[in-house]
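As C-alpha coordinates, the structure follows; a few thoughts come after it.
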Amino acid sequence: MDYDRAVDYVFSFTNYEMVPLDAAAPRAFRLDRIRGLLGRLGEPQLAARSVHITGSKGKGSVATMVAALLRVTGARVGLFTSPHLHTPRERIAVEGHPISEDEFATLVSAIRPAVEAENAVRDGDALTTFELLTALAFLAFRERRCDWQVIEVGLGGTLDATNVLDEKELCVFTPISLEHTAILGPTTAAIASDKAGILRRGCRAVSAPQDDGAGAVLRDTCAEQGVPLRRVDCDCRWESEPSGLDGQRCRVWTPQNEYRFFLPLLGAHQVENAAAALLSVEQLAETDVVLAPAQAEAALSAVRWPGRLELLARVPAVLVDGAHNAASAKRLAAALRELLPPATRLTLIVGTLADKDLDGIAAALAPIAAEVIAVQPDQPRSRPVADVARAFEIAGARTRSAASVALAVRDALANMGSDGAICVTGSLSVAAEARAEVLGAAV
(Lines give C-alpha, C1' and ligand atoms only; values in the text may rest on other atoms or scores of the structure.)
Protein backbone atom coordinates (compact mmCIF):
# COMPACT_ATOMS: atom_id res chain seq x y z
CA MET A 1 0.00 0.00 0.00
CA ASP A 2 1.45 3.39 -0.97
CA TYR A 3 1.06 6.55 1.10
CA ASP A 4 -1.87 8.08 -0.80
CA ARG A 5 -3.85 4.85 -0.60
CA ALA A 6 -3.04 4.54 3.08
CA VAL A 7 -4.41 8.04 3.75
CA ASP A 8 -7.51 7.30 1.69
CA TYR A 9 -8.08 4.11 3.68
CA VAL A 10 -7.78 5.79 7.10
CA PHE A 11 -10.07 8.65 6.08
CA SER A 12 -12.64 6.36 4.47
CA PHE A 13 -14.14 5.73 7.92
CA THR A 14 -16.41 8.05 9.88
CA ASN A 15 -14.44 11.17 10.72
CA TYR A 16 -16.02 13.37 13.39
CA GLU A 17 -13.57 16.15 12.58
CA MET A 18 -15.36 16.49 9.25
CA VAL A 19 -19.03 16.09 10.16
CA PRO A 20 -21.12 18.11 12.62
CA LEU A 21 -20.64 16.62 16.07
CA ASP A 22 -24.30 17.15 16.91
CA ALA A 23 -25.03 14.60 14.19
CA ALA A 24 -23.02 11.96 16.02
CA ALA A 25 -24.93 8.88 17.10
CA PRO A 26 -25.41 8.54 20.88
CA ARG A 27 -22.97 5.60 20.95
CA ALA A 28 -20.39 7.25 18.68
CA PHE A 29 -18.02 7.95 21.56
CA ARG A 30 -17.05 4.76 23.37
CA LEU A 31 -13.96 2.67 24.07
CA ASP A 32 -14.85 -0.90 23.19
CA ARG A 33 -14.02 -0.49 19.48
CA ILE A 34 -10.52 0.92 20.04
CA ARG A 35 -9.86 -1.56 22.84
CA GLY A 36 -10.83 -4.40 20.54
CA LEU A 37 -8.50 -3.14 17.81
CA LEU A 38 -5.58 -2.61 20.18
CA GLY A 39 -6.10 -6.09 21.61
CA ARG A 40 -5.72 -7.55 18.13
CA LEU A 41 -2.50 -5.53 17.71
CA GLY A 42 -0.95 -6.82 20.94
CA GLU A 43 -1.77 -3.83 23.18
CA PRO A 44 0.82 -1.39 21.75
CA GLN A 45 -0.40 1.40 24.06
CA LEU A 46 1.34 -0.41 26.92
CA ALA A 47 4.81 -0.36 25.37
CA ALA A 48 5.89 3.10 26.60
CA ARG A 49 5.38 5.22 29.67
CA SER A 50 2.67 7.81 29.14
CA VAL A 51 1.82 11.45 29.71
CA HIS A 52 -1.86 12.09 28.93
CA ILE A 53 -2.97 15.68 28.25
CA THR A 54 -6.47 17.13 28.03
CA GLY A 55 -8.07 20.57 28.27
CA SER A 56 -9.97 23.05 26.13
CA LYS A 57 -7.10 25.20 24.93
CA GLY A 58 -3.33 24.94 24.96
CA LYS A 59 -3.16 21.16 25.19
CA GLY A 60 -1.27 20.81 21.92
CA SER A 61 1.23 23.48 22.94
CA VAL A 62 1.78 21.86 26.34
CA ALA A 63 2.10 18.41 24.76
CA THR A 64 4.70 19.69 22.32
CA MET A 65 6.69 21.32 25.13
CA VAL A 66 6.49 18.25 27.37
CA ALA A 67 7.75 16.06 24.53
CA ALA A 68 10.63 18.48 23.85
CA LEU A 69 11.58 18.54 27.54
CA LEU A 70 11.57 14.76 27.78
CA ARG A 71 13.71 14.44 24.65
CA VAL A 72 16.54 16.56 26.09
CA THR A 73 16.80 14.15 29.04
CA GLY A 74 17.92 11.51 26.55
CA ALA A 75 14.60 9.69 26.20
CA ARG A 76 13.10 8.58 22.90
CA VAL A 77 9.70 10.28 22.76
CA GLY A 78 6.57 9.83 20.67
CA LEU A 79 4.01 12.63 20.38
CA PHE A 80 0.38 12.24 19.27
CA THR A 81 -1.59 15.42 18.60
CA SER A 82 -4.66 16.49 16.64
CA PRO A 83 -5.88 17.82 14.34
CA HIS A 84 -3.25 18.23 11.64
CA LEU A 85 -2.67 21.28 9.46
CA HIS A 86 -1.46 19.81 6.17
CA THR A 87 -0.76 16.08 6.48
CA PRO A 88 -1.95 13.39 8.92
CA ARG A 89 1.69 12.46 9.47
CA GLU A 90 1.97 15.58 11.65
CA ARG A 91 -0.15 13.85 14.29
CA ILE A 92 2.40 11.10 14.91
CA ALA A 93 5.89 12.39 15.66
CA VAL A 94 8.92 10.53 16.97
CA GLU A 95 11.97 12.40 18.20
CA GLY A 96 10.42 15.69 17.12
CA HIS A 97 9.69 14.74 13.52
CA PRO A 98 6.52 13.46 11.83
CA ILE A 99 6.73 9.89 10.67
CA SER A 100 7.57 9.47 6.99
CA GLU A 101 5.13 8.66 4.21
CA ASP A 102 6.63 5.18 3.91
CA GLU A 103 6.28 4.57 7.64
CA PHE A 104 2.68 5.78 7.63
CA ALA A 105 1.86 3.44 4.73
CA THR A 106 3.62 0.51 6.42
CA LEU A 107 1.72 1.08 9.66
CA VAL A 108 -1.63 1.25 7.86
CA SER A 109 -0.83 -1.99 6.05
CA ALA A 110 0.01 -3.56 9.41
CA ILE A 111 -3.24 -2.58 11.11
CA ARG A 112 -5.60 -3.15 8.19
CA PRO A 113 -6.21 -6.89 8.85
CA ALA A 114 -6.97 -6.13 12.51
CA VAL A 115 -9.28 -3.26 11.53
CA GLU A 116 -11.24 -5.44 9.16
CA ALA A 117 -11.42 -8.29 11.66
CA GLU A 118 -12.70 -5.96 14.38
CA ASN A 119 -15.23 -4.33 12.06
CA ALA A 120 -16.49 -7.76 11.00
CA VAL A 121 -17.75 -8.44 14.54
CA ARG A 122 -19.18 -4.95 15.00
CA ASP A 123 -22.38 -5.41 12.97
CA GLY A 124 -21.99 -2.13 11.12
CA ASP A 125 -20.58 -0.22 14.09
CA ALA A 126 -17.22 0.39 12.43
CA LEU A 127 -14.11 1.95 13.84
CA THR A 128 -13.66 5.68 13.22
CA THR A 129 -10.84 7.59 11.57
CA PHE A 130 -9.63 8.99 14.88
CA GLU A 131 -9.58 5.52 16.41
CA LEU A 132 -7.41 4.29 13.53
CA LEU A 133 -5.05 7.24 13.91
CA THR A 134 -4.80 6.61 17.65
CA ALA A 135 -3.94 2.96 17.06
CA LEU A 136 -1.38 3.96 14.40
CA ALA A 137 0.32 6.27 16.91
CA PHE A 138 0.59 3.60 19.60
CA LEU A 139 1.89 1.10 17.05
CA ALA A 140 4.44 3.60 15.70
CA PHE A 141 5.73 4.37 19.19
CA ARG A 142 6.10 0.65 19.95
CA GLU A 143 7.85 -0.04 16.64
CA ARG A 144 10.25 2.88 17.21
CA ARG A 145 10.91 1.71 20.79
CA CYS A 146 9.86 4.97 22.42
CA ASP A 147 10.54 5.36 26.12
CA TRP A 148 7.73 7.91 26.51
CA GLN A 149 4.55 8.71 24.64
CA VAL A 150 2.92 12.12 25.07
CA ILE A 151 -0.73 11.76 24.11
CA GLU A 152 -3.12 14.64 23.48
CA VAL A 153 -6.81 13.88 23.97
CA GLY A 154 -8.97 14.46 20.91
CA LEU A 155 -12.28 15.39 22.56
CA GLY A 156 -13.26 15.43 26.23
CA GLY A 157 -11.56 12.63 28.10
CA THR A 158 -13.73 9.84 29.47
CA LEU A 159 -14.75 8.34 26.13
CA ASP A 160 -11.97 9.71 23.96
CA ALA A 161 -10.14 7.01 21.99
CA THR A 162 -6.88 7.90 23.74
CA ASN A 163 -8.37 6.98 27.13
CA VAL A 164 -7.23 3.37 26.83
CA LEU A 165 -4.12 4.25 28.81
CA ASP A 166 -4.99 2.37 31.99
CA GLU A 167 -1.41 2.74 33.16
CA LYS A 168 0.09 6.20 32.93
CA GLU A 169 2.58 8.28 34.84
CA LEU A 170 0.99 11.70 34.51
CA CYS A 171 -2.26 13.45 33.55
CA VAL A 172 -2.13 17.13 32.59
CA PHE A 173 -5.15 19.45 32.45
CA THR A 174 -4.75 22.64 30.44
CA PRO A 175 -7.32 25.46 30.86
CA ILE A 176 -10.90 24.22 30.58
CA SER A 177 -13.56 26.41 28.96
CA LEU A 178 -16.89 25.92 27.22
CA GLU A 179 -16.58 23.64 24.18
CA HIS A 180 -18.66 20.88 22.58
CA THR A 181 -21.35 21.55 25.16
CA ALA A 182 -23.88 19.27 23.44
CA ILE A 183 -21.53 16.35 24.14
CA LEU A 184 -19.47 17.33 27.19
CA GLY A 185 -21.97 19.38 29.19
CA PRO A 186 -23.18 22.98 29.57
CA THR A 187 -20.75 24.20 32.24
CA THR A 188 -17.00 24.15 32.79
CA ALA A 189 -17.60 21.93 35.83
CA ALA A 190 -19.43 19.37 33.69
CA ILE A 191 -16.72 19.53 31.04
CA ALA A 192 -14.04 19.12 33.69
CA SER A 193 -15.85 16.06 35.03
CA ASP A 194 -15.66 14.47 31.58
CA LYS A 195 -12.00 15.39 31.17
CA ALA A 196 -11.18 14.07 34.64
CA GLY A 197 -12.10 10.65 33.28
CA ILE A 198 -8.51 10.25 32.10
CA LEU A 199 -7.28 10.02 35.71
CA ARG A 200 -6.08 6.65 37.02
CA ARG A 201 -5.05 5.59 40.50
CA GLY A 202 -1.29 5.50 40.74
CA CYS A 203 -0.62 8.41 38.41
CA ARG A 204 0.14 12.05 39.21
CA ALA A 205 -1.66 15.14 37.91
CA VAL A 206 -0.90 18.74 36.98
CA SER A 207 -3.50 21.42 36.33
CA ALA A 208 -3.14 24.79 34.65
CA PRO A 209 -5.13 27.67 36.16
CA GLN A 210 -8.87 26.89 36.06
CA ASP A 211 -12.07 28.72 36.88
CA ASP A 212 -13.71 27.86 40.20
CA GLY A 213 -16.07 25.21 38.79
CA ALA A 214 -13.52 23.26 36.78
CA GLY A 215 -10.84 23.61 39.46
CA ALA A 216 -13.10 22.21 42.18
CA VAL A 217 -13.99 19.18 40.04
CA LEU A 218 -10.35 18.38 39.32
CA ARG A 219 -9.33 18.77 42.97
CA ASP A 220 -12.20 16.62 44.22
CA THR A 221 -11.67 13.88 41.62
CA CYS A 222 -7.95 13.69 42.32
CA ALA A 223 -8.63 13.49 46.05
CA GLU A 224 -11.19 10.70 45.56
CA GLN A 225 -8.72 8.65 43.53
CA GLY A 226 -5.67 9.40 45.65
CA VAL A 227 -3.93 11.19 42.78
CA PRO A 228 -1.39 13.85 43.85
CA LEU A 229 -2.30 17.13 42.13
CA ARG A 230 0.05 20.04 41.49
CA ARG A 231 -1.43 23.36 40.36
CA VAL A 232 0.46 25.73 38.12
CA ASP A 233 -1.10 28.83 39.68
CA CYS A 234 -0.15 27.69 43.20
CA ASP A 235 3.21 26.04 42.56
CA CYS A 236 4.72 28.27 39.88
CA ARG A 237 5.42 31.91 39.08
CA TRP A 238 6.27 33.27 35.66
CA GLU A 239 6.99 36.48 33.83
CA SER A 240 7.95 37.43 30.31
CA GLU A 241 9.28 40.31 28.28
CA PRO A 242 8.01 40.36 24.68
CA SER A 243 10.73 40.57 22.03
CA GLY A 244 8.51 41.76 19.20
CA LEU A 245 7.28 39.16 16.77
CA ASP A 246 10.28 36.88 17.31
CA GLY A 247 9.19 35.53 20.70
CA GLN A 248 9.61 36.39 24.35
CA ARG A 249 12.18 36.19 27.11
CA CYS A 250 10.78 34.23 30.03
CA ARG A 251 11.43 33.34 33.63
CA VAL A 252 9.56 30.52 35.33
CA TRP A 253 9.92 29.53 38.98
CA THR A 254 8.81 26.02 39.99
CA PRO A 255 9.19 24.23 43.35
CA GLN A 256 12.47 22.77 42.08
CA ASN A 257 14.15 25.37 39.88
CA GLU A 258 14.26 28.77 38.25
CA TYR A 259 14.31 28.67 34.44
CA ARG A 260 15.35 31.49 32.11
CA PHE A 261 14.78 30.99 28.40
CA PHE A 262 13.76 32.52 25.11
CA LEU A 263 10.41 31.17 23.91
CA PRO A 264 9.77 31.50 20.16
CA LEU A 265 6.01 31.06 20.69
CA LEU A 266 3.98 34.28 20.88
CA GLY A 267 1.45 35.32 23.52
CA ALA A 268 1.51 35.50 27.31
CA HIS A 269 -0.57 32.31 27.44
CA GLN A 270 2.38 30.38 26.01
CA VAL A 271 4.49 31.32 29.04
CA GLU A 272 1.76 29.84 31.24
CA ASN A 273 1.83 26.74 28.99
CA ALA A 274 5.61 26.53 29.42
CA ALA A 275 5.19 26.68 33.21
CA ALA A 276 2.66 23.83 32.99
CA ALA A 277 5.06 21.77 30.88
CA LEU A 278 7.99 22.36 33.24
CA LEU A 279 5.95 21.51 36.34
CA SER A 280 4.66 18.40 34.56
CA VAL A 281 8.08 17.01 33.68
CA GLU A 282 9.30 17.73 37.20
CA GLN A 283 6.57 15.40 38.49
CA LEU A 284 8.29 12.54 36.67
CA ALA A 285 11.31 12.64 38.98
CA GLU A 286 10.23 9.30 40.48
CA THR A 287 11.04 7.75 37.09
CA ASP A 288 14.48 8.15 35.49
CA VAL A 289 13.68 11.65 34.23
CA VAL A 290 16.25 14.18 35.41
CA LEU A 291 15.75 17.61 33.84
CA ALA A 292 18.52 20.16 34.31
CA PRO A 293 17.60 23.85 33.91
CA ALA A 294 20.06 24.29 31.04
CA GLN A 295 18.47 21.36 29.20
CA ALA A 296 14.98 22.74 29.74
CA GLU A 297 16.00 26.18 28.54
CA ALA A 298 17.55 24.75 25.36
CA ALA A 299 14.47 22.63 24.64
CA LEU A 300 11.97 25.48 25.08
CA SER A 301 14.10 27.88 23.04
CA ALA A 302 13.81 25.54 20.07
CA VAL A 303 10.13 24.55 20.34
CA ARG A 304 7.85 25.12 17.35
CA TRP A 305 4.06 24.74 17.12
CA PRO A 306 2.74 25.84 13.69
CA GLY A 307 -0.66 27.48 13.36
CA ARG A 308 -0.71 28.83 16.91
CA LEU A 309 -0.14 32.60 16.78
CA GLU A 310 2.48 31.89 14.14
CA LEU A 311 4.21 34.64 12.17
CA LEU A 312 4.17 33.82 8.45
CA ALA A 313 5.47 37.12 7.03
CA ARG A 314 6.91 40.33 8.45
CA VAL A 315 6.17 43.18 6.00
CA PRO A 316 3.31 43.41 6.39
CA ALA A 317 2.96 41.17 9.42
CA VAL A 318 0.82 38.12 8.64
CA LEU A 319 -0.09 35.85 11.57
CA VAL A 320 -2.31 32.80 11.91
CA ASP A 321 -3.89 31.34 15.02
CA GLY A 322 -6.27 28.44 15.56
CA ALA A 323 -8.38 30.20 18.25
CA HIS A 324 -11.75 28.47 18.01
CA ASN A 325 -13.70 29.45 21.11
CA ALA A 326 -14.40 32.61 23.08
CA ALA A 327 -11.70 31.98 25.68
CA SER A 328 -9.02 31.39 23.04
CA ALA A 329 -10.20 34.44 21.09
CA LYS A 330 -9.83 36.62 24.20
CA ARG A 331 -6.27 35.40 24.64
CA LEU A 332 -5.54 36.05 20.98
CA ALA A 333 -6.91 39.60 21.24
CA ALA A 334 -4.74 40.29 24.27
CA ALA A 335 -1.66 38.89 22.52
CA LEU A 336 -2.22 40.98 19.38
CA ARG A 337 -2.67 44.15 21.44
CA GLU A 338 0.66 43.40 23.10
CA LEU A 339 2.58 42.41 19.97
CA LEU A 340 1.46 44.99 17.41
CA PRO A 341 2.17 48.75 17.55
CA PRO A 342 -0.81 50.73 18.86
CA ALA A 343 -1.48 52.45 15.51
CA THR A 344 -1.62 49.18 13.56
CA ARG A 345 -4.65 48.75 11.29
CA LEU A 346 -5.43 45.09 11.85
CA THR A 347 -7.33 43.09 9.25
CA LEU A 348 -8.82 39.91 10.67
CA ILE A 349 -9.69 37.04 8.34
CA VAL A 350 -12.09 34.81 10.24
CA GLY A 351 -13.80 31.50 9.55
CA THR A 352 -15.21 29.06 12.09
CA LEU A 353 -16.69 25.60 12.33
CA ALA A 354 -20.41 25.14 12.80
CA ASP A 355 -20.38 23.98 16.42
CA LYS A 356 -18.28 26.86 17.79
CA ASP A 357 -19.36 29.89 19.83
CA LEU A 358 -19.26 32.35 16.94
CA ASP A 359 -20.88 35.17 18.91
CA GLY A 360 -18.32 34.80 21.69
CA ILE A 361 -15.44 34.78 19.18
CA ALA A 362 -16.82 37.88 17.46
CA ALA A 363 -17.30 39.73 20.74
CA ALA A 364 -13.67 39.06 21.70
CA LEU A 365 -12.08 39.94 18.36
CA ALA A 366 -14.24 42.71 16.85
CA PRO A 367 -12.86 45.48 19.13
CA ILE A 368 -9.28 45.01 17.89
CA ALA A 369 -10.07 44.89 14.15
CA ALA A 370 -10.03 47.76 11.67
CA GLU A 371 -11.72 45.35 9.28
CA VAL A 372 -12.93 41.76 9.26
CA ILE A 373 -13.02 39.58 6.16
CA ALA A 374 -15.42 36.68 6.73
CA VAL A 375 -14.56 33.37 5.05
CA GLN A 376 -15.75 29.78 5.00
CA PRO A 377 -12.95 27.21 5.26
CA ASP A 378 -12.94 24.26 2.90
CA GLN A 379 -14.22 21.88 5.56
CA PRO A 380 -17.62 20.14 5.78
CA ARG A 381 -18.19 21.34 9.36
CA SER A 382 -17.55 25.00 8.50
CA ARG A 383 -19.94 27.83 9.32
CA PRO A 384 -21.51 29.65 6.32
CA VAL A 385 -19.67 32.85 5.51
CA ALA A 386 -22.87 34.88 5.89
CA ASP A 387 -23.18 33.75 9.52
CA VAL A 388 -19.61 34.83 10.28
CA ALA A 389 -20.10 38.21 8.64
CA ARG A 390 -23.37 38.80 10.49
CA ALA A 391 -21.85 37.94 13.88
CA PHE A 392 -19.00 40.40 13.42
CA GLU A 393 -21.30 43.12 12.11
CA ILE A 394 -23.47 42.74 15.20
CA ALA A 395 -20.30 42.92 17.32
CA GLY A 396 -19.55 46.30 15.70
CA ALA A 397 -16.82 45.41 13.20
CA ARG A 398 -16.55 46.73 9.65
CA THR A 399 -17.04 43.49 7.76
CA ARG A 400 -16.94 42.09 4.25
CA SER A 401 -16.68 38.58 2.81
CA ALA A 402 -14.39 36.63 0.50
CA ALA A 403 -14.99 33.47 -1.48
CA SER A 404 -12.04 31.62 0.05
CA VAL A 405 -9.28 32.00 2.60
CA ALA A 406 -6.68 32.31 -0.16
CA LEU A 407 -8.60 35.10 -1.89
CA ALA A 408 -9.09 36.89 1.43
CA VAL A 409 -5.35 36.81 2.10
CA ARG A 410 -4.55 38.12 -1.38
CA ASP A 411 -7.17 40.84 -1.09
CA ALA A 412 -5.95 41.94 2.34
CA LEU A 413 -2.33 42.07 1.17
CA ALA A 414 -3.24 44.01 -1.98
CA ASN A 415 -5.06 46.66 0.05
CA MET A 416 -2.66 46.80 2.97
CA GLY A 417 -1.17 50.12 3.99
CA SER A 418 2.22 50.59 5.57
CA ASP A 419 0.59 50.52 9.01
CA GLY A 420 -1.34 47.30 8.39
CA ALA A 421 -1.19 43.74 9.70
CA ILE A 422 -3.22 40.59 9.07
CA CYS A 423 -4.31 37.83 11.42
CA VAL A 424 -6.15 34.75 10.12
CA THR A 425 -8.09 32.90 12.80
CA GLY A 426 -11.27 31.10 13.89
CA SER A 427 -10.11 27.50 13.38
CA LEU A 428 -7.05 25.49 12.51
CA SER A 429 -8.66 24.77 9.13
CA VAL A 430 -8.53 28.49 8.29
CA ALA A 431 -4.97 28.74 9.63
CA ALA A 432 -3.90 25.81 7.44
CA GLU A 433 -5.36 27.36 4.29
CA ALA A 434 -3.67 30.67 5.04
CA ARG A 435 -0.33 28.93 5.64
CA ALA A 436 -0.64 27.17 2.29
CA GLU A 437 -1.34 30.49 0.54
CA VAL A 438 1.46 32.46 2.19
CA LEU A 439 4.15 29.80 2.48
CA GLY A 440 3.30 27.71 -0.58
CA ALA A 441 5.59 24.71 -0.98
CA ALA A 442 7.34 25.60 2.29
CA VAL A 443 4.54 24.03 4.34
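The values are calculated or read from the model by the stated rules, or taken from the named source; none is laboratory data. It should be emphasised that the depicted structure is a prediction, and the values quoted were computed from it without experimental measurement. In this analysis, Cβ positions are derived from the backbone assuming ideal geometry, glycine residues included, and neighbour counts consider all displayed protein chains.
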> Taking segment 1-25, which residues are at pLDDT 90 or above and part of a loop (DSSP other than H, G, I, E, B)?
Replying inline: M1, D2, F11, S12, F13, T14, N15
> If D357 satisfies every condition in (1) of a type in the set (D, E); (2) surrounded by fewer than 17 Cβ atoms within 10 Å (Cβ to Cβ); (3) closer than 30 Å to N15 by Cβ but one, which is the exception?
Replying inline: (2)
> Looking at (1) outside any helix (DSSP H, G or I); (2) buried (at least 20 other Cβ atoms within 10 Å of the Cβ); (3) in contact with a strand residue (DSSP E or B) (Cβ under 6 Å, 6 or more places away or on another chain); (4) not polar (S, T, N, Q), can you tell me which one L300 breaks?
Replying inline: (1)
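Considering segment 26-59 alone, what residues qualify as being in a loop (DSSP other than H, G, I, E, B), surrounded by fewer than 18 Cβ atoms within 10 Å (Cβ to Cβ) and among the hydrophobic types (A, V, I, L, M, F, W, C)?
At the first step, the residues of segment 26-59 found to be in a loop (DSSP other than H, G, I, E, B) are 26-31, 41-43, 47-48, 55-58.
Subset that is surrounded by fewer than 18 Cβ atoms within 10 Å (Cβ to Cβ): 26-28, 30-31, 42-43.
Hits for segment 26-59 are A28, L31.
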> Among the candidates D220, D235, which residue alone is more than 18 Å from A274 (Cβ to Cβ), among the acidic types (D, E) and surrounded by fewer than 19 Cβ atoms within 10 Å (Cβ to Cβ)?
Replying inline: D220
> Looking at segment 395-435, which of its residues are aliphatic (A, V, I, L, M), crowded, with 19+ Cβ neighbours inside 10 Å and in a helix (DSSP H, G or I)?
Replying inline: V405, A408, V409, A412, L428, V430, A431, A432, A434
> How many residues does segment 60-90 contain that are closer than 22 Å to M18 by Cβ and surrounded by fewer than 24 Cβ atoms within 10 Å (Cβ to Cβ)?
Replying inline: 11
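Could you please give the count of residues in segment 222-243 that are among the small types (G, A, S) and over 21 Å from A299 (Cα atoms)? Show your work before the answer.
Step one: of segment 222-243, the residues among the small types (G, A, S) are 223, 226, 240, 243.
Among the residues that remain, those that are also over 21 Å from A299 (Cα atoms) are: 223, 226.
Result for segment 222-243: 2.
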> Taking L332, is it crowded, with 21+ Cβ neighbours inside 10 Å and in a loop (DSSP other than H, G, I, E, B)?
Replying inline: no
>> Yes or no: segment 266-285 includes at least one residue that is closer than 30 Å to A421 by Cβ, assigned to a strand (DSSP E or B) and of a type outside the set (A, V, I, L, M, F, W, C).
In response: no
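What number of residues within segment 97-135 are among the aliphatic types (A, V, I, L, M), surrounded by 18 or more Cβ atoms within 10 Å (Cβ to Cβ) and either within 23 Å of the chain's Cα centre (by Cα) or assigned to a loop (DSSP other than H, G, I, E, B) (or both)?
So in segment 97-135, the residues among the aliphatic types (A, V, I, L, M) come out as 99, 105, 107-108, 110-111, 114-115, 117, 120-121, 126-127, 132-133, 135.
From the residues that got through so far, the ones that are surrounded by 18 or more Cβ atoms within 10 Å (Cβ to Cβ) too are 99, 105, 107-108, 111, 114-115, 127, 132-133, 135.
Next, from what is left, pick out any that are either within 23 Å of the chain's Cα centre (by Cα) or assigned to a loop (DSSP other than H, G, I, E, B) (or both): 99, 127, 132-133, 135.
Here the count works out to 5.
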